[in-house]
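First the structure, in the form of structure tokens, and then the observations on it.
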Amino acid sequence: MNTYTRKRRRPVSEINVVPYIDVMLVLLIIFMVTAPLITQGVKVDLPKAEAASLDKDSKPPLIASVDAQGKFYLNVGDSQDQSMSAVDLATLVAAHLQLEPTTPVVVKGDGAVPYSEVVQLMVLLQRAGVPSVGLMTDPPEKKKR
């Protein structure tokens with residue numbers, strides 16, 4: 001008689017996770033590439049919202065304005081209705097903040113002006129030494145019933 005005994009293999013209770021790691025890394029790369037594309041290029045119509053107004057006890061703010069033609073204005077001195085260059089506006093704001101550093105600064109942008117003009121004004125104010133800039137808005141219209 002032939003005594004051939006066959007050994008039984010024990011089942012392996014380990015899971016091979018290498019394929020799962022490969023899939024996870026591929027998905028991570030896909031999400032990293034597509035995430036910036038999703039947030040860019042989305043057109044948004046911003047709603048009007050109520051915002052808290054400045055305290056009546058605080059100093060009157062400096063209002064830096066930009067109109068639809070991209071001209072800059074500042075509500076300081078006698079020349080409030082005259083447009084000024086970006087350098088003049090920055091110089092006036094910096095001089096005013098040296099005299100009164102706690103004066104709030106607010107940006108008033110025309111609704112028809114491109115967003116890049118408002119950002120340019122905010123960068124200009126930041127370079128002039130303004131610690132924080134507020135945005136001036138209109139209150140929302142009351143709904144009629």
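Residues in segment 66-77 that are touching an Asp or Glu at 6+ places or on another chain (Cβ under 8 Å) and small (Gly, Ala, Ser): Ala68, Gly70. Comparison of Leu125, Leu97 shows that the only residue that is part of a helix (DSSP H, G or I), modelled with pLDDT of 70 or more, surrounded by 14 or more Cβ atoms within 10 Å (Cβ to Cβ) and under 22 Å from the mean Cα position of the chain (by Cα) is Leu125. Does segment 84-96 hold any residues that are of a type in the set (A, V, I, L, M) and touching a Leu at 6+ places or on another chain (Cβ under 8 Å), and which are they? Listed by number, the residues that qualify are Met84, Ala86, Leu89, Ala90, Leu92, Val93. Taking segment 100-119 as the range and being more than 16 Å from Leu62 (Cα to Cα) and not in a loop (DSSP other than H, G, I, E, B) as the test, the residues that pass are Tyr115, Ser116, Glu117, Val119. Counting only residues that are in contact (Cβ under 8 Å) with a residue 60 or more places away in the chain and either in contact with a helix residue (DSSP H, G or I) (Cβ under 7 Å, 6 or more places away or on another chain) or assigned to a loop (DSSP other than H, G, I, E, B) (or both), segment 134-144 holds 6 of them.
Whenever a residue of segment 111-130 is under 16 Å from Tyr73 (Cβ atoms), its partners that are among the acidic types (Asp, Glu), lying with C-beta atoms within less than 7 angstrom and at least six residues away or across chains, give the pairs Val113/Asp67.
The values are calculated or read from the model by the stated rules, or taken from the named source; none is laboratory data. Since we're looking at a predicted model, the values are computed, not measured. Every residue, glycine as well, gets a Cβ built from its backbone with ideal geometry; the counts of neighbours run over all protein chains shown.
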